[in-house]
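The structure appears right after this line, and notes come after that.
The values are calculated or read from the model by the stated rules, or taken from the named source; none is laboratory data. Nothing here was measured: the structure is a model prediction, and the numbers come from that model. Here the Cβ positions follow ideal geometry from the backbone for every residue, glycine too, while neighbour counts run over all protein chains shown. Heads up: the accessible areas ignore ligands, DNA and RNA and are worked out on the full protein's heavy atoms, side chains in. Shrake-Rupley method; radii C 1.70, N 1.55, O 1.52, S 1.80 Å.
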Amino acid sequence: MDDRNKHWNSESLTRIPYSLYSDNLIAADEQIKLFLGNTWNFLCLEAELKEAGSYRTTHVGETPVVVVKDDDLKIYAFENRCAHRGALIALEKSGANANFQCVYHAWSYSRQGDLTGVAFMKGVKGQGGMSSSFRKEDHGPRKLRVAVFCGLVFGTFSSETPDIQTYLGPEICARIERVLHKPIEVIGRFTQALPNNWKLYIENVKDSYHASLLHMFFTTFKLNRLSQKGGVIVDPSGGHHVSYSIVESDLADNSYKDQALRADNDQYLLKDTTLLKGFKDFDDGITLQILSVFPGFVLQQIQNCLAVRQILPKGVDRTELNWTYFGYVDDTREKRTVRLKQSNLIGPAGFISMEDGAVGGFVQRGIKGASDHNAVLEMGGEYAESSEGRATETSVRGFWKAYRTLMKI
Amino acid sequence: MIDLISICSFNAAYAMAIDSDNLEQWPNFFTVDAVYRITNIDNVKDNLPAGIVYADSRDMLEDRIAALRLANIYERQRYRHILGIPNILSQSEDSTEANTPFNVTRIMATGQMDVFATGYYQDIFVKAKGSNSAVSSNQILLAQRIVVCDSTVTDTLLALPL
């Protein structure tokens, strides 16, 4: 295909054409082949749809979507587009509805996305009305297949996408189950507007190479855990990943204090160390687990700080990053306070994440005028497989492996 | 009693400290065990407690400034705070609750200038005790400043405090 010649002239995953971050045709193709194609897209948390009628509006790629719980307590999702003229059906971010009605001409829809009412369908006083051949059943917004896994609600527009557990694979499923093993509740929502193509953010999430180089907070305040072990898991499709690190449990409790004592006098130490005072959420010693699901979902555990992130393209050079912070329903007050304090590490003002909001923009600005050049992705080899160390770009190459498969590019 | 004019004067000094890059002064506007949090109007409506900044001590504010100076990486930028007239909600001998609207413009080193945040401060002011206040001319301190942003969206990142 011509596109392949235009953007990529080899099968290698170690060179990424910069044009992929700025080409409007590629962005339009992604909407069809990725977001509306054979992928599962995160819609919301099950915990956000508390009762029958609860709904949220969100997006799959740039396509607006309504996700709603019906009386059967099942979750349904449909395109947020009236079948009449295409106006948004639901305007609020969230709410509770018996049914949905488009404001423009009052066409109404059930919670399952079926067109149930057309205003003046029989006309007014015998005048007007829809033609006798019009059947409501033939019209309606596109419906999504919905899958709920561990309280994560995913949707797909395609009938061919494999079931969610097959899509994720056993290793990713296990790592999701590890974090979402009991009921959760939302403790805050924040959105970050990123001045870059969406792929630059998901690459950043998967890039375990940059973490200790760009994010200096832990290093500066001598909070590095020298005993850290870790690794990267890349699923066979390449599209999903887990990056994790483990602190040896015998060192975990005293290492901050010991390091504080050893630190040079001229080095700054945190004045209020309660910021990082944590507790053991998990028995496996893993203190950091970043997990991504292709194309744009992230589940994070950074110490006791738990969140999901939804990555949505907004045109070729803008991205919306939706953070939803959560805790467990059975958290004690003390545990909840720990999570709230540790949330200083993440989000738009996070000590170890604020830089990620800016670096994508540095790339987006840096590659202007270089659309026939490539990014280099050779750290840790040429492949996209699981790896012991974290000085690797293996899961970033994995993203491109899945991307090329679905985009046929 | 803490009167309106003292709060106005305090807020003017607070804004000037941030906007003129005297960030090391910023924690001194707070009591030792002050609460400072940045959130948005939707979280307040839904009663969700998290913040993009969440501090419950002055030391945490000092740590944030140290991190901005020493650790965090962000493009050079300035703010210009325009603060409205405080709306006093309740007053006692020792403390005053007030809401003050803000409009913060962010000016990047490139010259790009945007409305970065609007919203209101939900404040509790108390009288400063002893001489530990570096803003002693004001004689009042914040025991609480909840920064409630009108928009749920933060552009790029939030480095400097609001």
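Divide the volume of the convex hull of the Cα atoms of the stretch A:139-187 by its number of residues and quote the answer in cubic angstrom per residue.
Per residue, the Cα convex hull of the stretch A:139-187 comes to 89 Å³.
Accessible area of A:D284, 1.4 Å probe, to the nearest 10 Å²?
A:D284 exposes around 70 Å² with every protein chain in place.
Is there a simple number for the mean count of other chain Cβ atoms within 10 Å of the Cβ of residues in A:336-343, and what is it?
Average neighbour count from other chains, rounded to a whole number: 3.
Find the Rg to Rh ratio for the stretch A:274-338, where Rh is the Kirkwood radius over alpha-carbon pairs and Rg uses the same atoms.
1.07
Binned at 10 Å from 0, what are the whole-percent values of the Cα-Cα distance distribution for the protein assembly as shown, short to long?
Per 10 Å bin, starting at 0, the Cα pair percentages come out as 3, 16, 25, 25, 18, 9, 3, 1, 0.
Got a number for the accessible area of A:K74? Probe 1.4 Å, square angstrom, nearest 10.
Counting only protein heavy atoms, A:K74 exposes about 120 Å² to solvent.
Using only DSSP helix segments of four residues or longer, with each worth -39500 (n - 2.57), what per-residue ellipticity at 222 nm results for chain A after dividing by its residue count and rounding to 500?
-6500 deg cm²/dmol
Taking H as built 1.01 Å from N, whose amide H comes closer than 5 Å to the amide H of B:N40, not counting residues under 5 places away?
Placed amide hydrogens put B:C149 under 5 Å from B:N40.
For A:G95, enumerate residues with amide H under 5 Å from its amide H, sequence gap 5+ or separate chain, H modeled in the peptide plane.
When sequence neighbours closer than 5 places are left aside, the close amide H contacts are A:Y55.
Mind grabbing the interface size between A and B? I mean buried accessible area, both sides, 1.4 Å probe, in Å² to the nearest hundred.
3300 Å²
Provide a whole-number value for the mean count of partner chain Cβ atoms within 10 Å of the Cβ atoms in peptide B:59-69.
5
Could you state, as a whole-number percent, how many of the C-alpha pairs of the stretch B:1-99 are farther apart than 24 Å?
Result: 31 percent of Cα pairs exceed 24 Å.
From the alpha carbon gyration tensor of the stretch A:18-88, can you work out the equivalent ellipsoid semi-axes (sqrt of 5 times each eigenvalue) and give them in Å, largest to smallest?
Sorted largest first and rounded, they come to 28, 15, 9 Å.
Consider just the alpha-carbon atoms of the stretch A:295-409 and return their Rg together with their Dmax, both in angstrom.
17.5, 55
Order A:188-199, A:365-376 from most to least packed using the mean count of other Cβ atoms within 10 Å.
Order by mean packing, descending: A:188-199, A:365-376.
Give me the net charge for the shell around A:D331: Cβ to Cβ below 14 angstrom, other residues only, Lys and Arg +1, Asp and Glu -1.
Net of charged neighbours comes to +3.
Percent of accessible area on the stretch A:1-92 owned by carbon and sulfur, 1.4 Å probe?
Here carbon and sulfur together make up 46 percent of the probe-accessible area.
Principal axes first, then extents: for the Cα atoms of the stretch A:28-170, list largest minus smallest coordinate on each axis, whole Å, largest first.
Over the stretch A:28-170, Cα extents along the principal axes are 61, 35, 22 Å.
List the residues, sorted by chain then number, that are 5 or more residues from A:V65 or on another chain and whose placed amide H is less than 5 Å from its amide H.
Distant-sequence amide H within range of A:V65: A:T58, A:H59, A:V60, A:N80.
Give me the number: length gained by fully extending B:T152 to B:A13, i.e. 0.36 nm times residue separation minus the C-alpha to C-alpha distance, one decimal in nm.
Full extension from B:T152 to B:A13 adds 47.3 nm.
Where does each of B:Y120, A:Y328 land when they are ordered by accessible area, with a 1.4 Å probe and the largest first?
Highest to lowest solvent-accessible surface, that is B:Y120, A:Y328.
First compute the accessible area of the stretch A:167-222 with a 1.4 Å probe, then give the percent of it belonging to carbon and sulfur atoms.
Summing carbon and sulfur atoms, their accessible area is 62 percent of the total for the stretch A:167-222.
What is the log10 of I(q)/I(0) for the stretch A:146-232, computed with the Debye formula using one identical point scatterer on each Cα and no solvent, at q = 0.12, 0.23, 0.26 Å⁻¹?
Scattering profile of the stretch A:146-232, log10 relative to I(0): -0.65, -1.25, -1.21.
Using the Kirkwood radius over C-alpha pairs as Rh, can you work out the diffusion coefficient of the stretch A:105-189 via Stokes-Einstein at 20 °C, viscosity 1.002 mPa s, in µm² per second?
127 µm²/s
Once the Cα atoms of the stretch A:73-154 are picked out, what are the Rg and Dmax in Å?
14.7, 53
Which order do A:K136, A:K229 take by accessible area at a 1.4 Å probe, largest first?
A:K229, A:K136
Per-residue Cβ counts within 10 Å, from other chains only, averaged over A:194-202: what number is that?
1
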